[in-house]
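Colleague: Below you'll find the structure I mean.
All of the numbers you see were taken from the coordinates with simple rules; none came from a lab. Everything numeric here is computed off the predicted structure, so don't read it as measured data. Reconstructed Cβ throughout: ideal geometry from the backbone, glycine too, with neighbour counts over all protein chains shown.
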Amino acid sequence: MQNLLNGKTILIMGVANERSIAWGITQSLHNAGARLAFTYQGERVERRIKELVKDIPNAIVLPCDVTKDEEIDQVFDTLEKEVGTLHGLVHSLAFAQKEDLEGKFVDTSRNGYALAQDISAYSLVAVTQRARRLMKEGGSIVTMTYLGGERVIQGYNMMGVAKAALDSCMKYLAADLGPDNIRVNAISAGPIMTLAARGVRDFTSMLKVVTERAPLRRGVTQEEVGNTALFLLSNLASGITGEILHVDAGYNILG
Ligand code: 0WD
């Protein structure tokens, strides 16, 4: 897999710490020779990510809260100046208020609904809008989704509805950008213990059920998701767009 991404520049959005799925993706892309740029949200994450990327040569690290258009503009203006052409983008972020991940979905507030949709689904549209300008040689965009957007998974609540929107955004973006040779796909990962996962009330039982029932009888790792992202970002996946690729030890095939 070495050299698969030589000469490619890829932006990774959503590393919060070393357990983040985006950090697993970082390892795979770095090992394959990509030049990497990162965005982070908030000062708490800034220190951690700067520490994490210190062994990655020429890494560009920029702040970006995806609810703020001006911050997204700033990211792509800076990248245009510093690297000129972008070949890939990894969108690995989501948010829902804790109270909207507890209790029943029926009780979701208007504000909670809007915020989760804005950060978890619309942000893919917002960043793709700007990234396409830099993808002068074509490109590949990968977002992170979950089975809870395709069917009801207890406890996933508002985030499931946001993932359904994200999946749909991904497909409409793939249709719009295909003529420019920009591919847009999603990875549907099985449950992995991360900071975001801790917000999902029933997460530990979700993980247990998957380990017991999935065809492979185990969960998946950040590394497995990372290698799938590498595939989708590379020319090996040149015929694939608008796809949800499940990296979940086969769990999604069960009834
Ligand atoms: O089991 C899992 N962990 C799965 C995660 C299974 C399937 C899918 N996913 C998805 C998540 O829904 C998300 O889309 O993968 C993506 C990455 O999630 P992760 O790696 O599990 O979570 P984490 O390491 O917490 O990274 C998500 C980050 C945030 O971290 P915290 O925990 O500090 O909120 O998303 C970022 C933030 O860094 N984020 C934002 N970034 C920019 N602007 C914003 C924002 N407004 N809000 C959250």
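Colleague: For the range 1-98, what's the relative contact order in percent, using C-alpha pairs closer than 8 Å and at least 6 residues apart?
Modeller: 35
Colleague: Only Cα pairs under 8 Å and at least 6 apart count here; give the relative contact order of the range 31-171 as a rounded whole percent.
Modeller: 24
Colleague: Given the range 206-249, report the % of alpha carbon pairs whose separation exceeds 17 Å.
Modeller: Values: 403 of 946 pairs.
Result for the distance tail: 43 percent.
Colleague: While we're here: If you take the square roots of the eigenvalues of the alpha-carbon gyration tensor of the range 17-89 and sort them as a ≥ b ≥ c, do you get rounded (a/c under 1.5), prolate (a/b over b/c) or oblate?
Modeller: oblate
Colleague: Separate question: Take the alpha carbon atoms of the range 110-175, find their center, do the same for the range 9-55, and report the distance between the two centers in whole angstrom.
Modeller: 20
Colleague: Where does each of L195, L79 land when they are ranked from fewest to most other beta-carbon atoms within 10 angstrom? All intermediate terms of the calculation are to be shown ahead of the outcome.
Modeller: On the way: L195 11, L79 22.
The most exposed by this proxy come first: L195, L79.
Colleague: Another question about this same structure. For the range 1-125, count all C-alpha to C-alpha pairs, find those more than 19 Å apart, and express that count as a whole percent of the total. Spell out each step's value before the answer.
Modeller: On the way: 4031 of 7750 pairs.
Across the range 1-125, Cα pairs with separations above 19 Å total 52 percent.
Colleague: Near K81, which aspartates and glutamates are there with a Cα under 18 Å away, not counting those fewer than 8 places off in the same chain?
Modeller: Filter leaves E70, E71, D73, E137.
Colleague: So what is the calculated 222 nm ellipticity per residue for the chain, using -39500 (n - 2.57) for each DSSP H run with n of 4 or more, over all residues, to the nearest 500 deg cm²/dmol?
Modeller: On the way: 8 runs with 99 residues, N = 255.
Helix-only estimate at 222 nm: -12000 deg cm²/dmol.
Colleague: Over 24 Å between Cα atoms: which of K136/K171; K50/K136; K54/K163 fall into that group?
Modeller: Values: K136/K171 21 Å; K50/K136 29 Å; K54/K163 32 Å.
From the list (K136/K171; K50/K136; K54/K163), the Cα-Cα distance tops 24 Å for K50/K136; K54/K163.
Colleague: How do E70, E51 line up, fewest other C-beta atoms within 10 Å first?
Modeller: By the 10 Å Cβ count, ascending: E70, E51.
Colleague: While we're on this one: Mind sorting T204, T26 by how few other Cβ atoms lie within 10 Å of their own Cβ, fewest first?
Modeller: Working: T204 13, T26 28.
Exposure proxy ranking, most exposed first: T204, T26.
Colleague: For Y40, list long-range residues whose amide hydrogen, built 1.01 Å from N in the peptide plane, is under 5 Å from its own amide hydrogen.
Modeller: For Y40, the qualifying residues are L62, C64.
Colleague: Taking the Cα centre of the chain as origin, sum charge times position over the Cβ atoms of Lys and Arg (+1) and Asp and Glu (-1), and report the length of that vector in debye to the nearest 20.
Modeller: 480
Colleague: Could you grab the relative contact order for the chain? Cα pairs under 8 Å, six or more apart, rounded to a whole percent.
Modeller: 20
Colleague: If you project the alpha carbons of the chain onto the principal axes, what extent comes out on each, in Å, largest first?
Modeller: Here the Cα extents, ordered largest to smallest, are 47, 39, 39 Å.
Colleague: Separate question: Per the Cauchy relation, a quarter of the hull surface: what is the mean projected area of the convex hull of the alpha carbons in the range 121-255, in nm²?
Modeller: Orientation-averaged projected area of the Cα hull: 8.2 nm².
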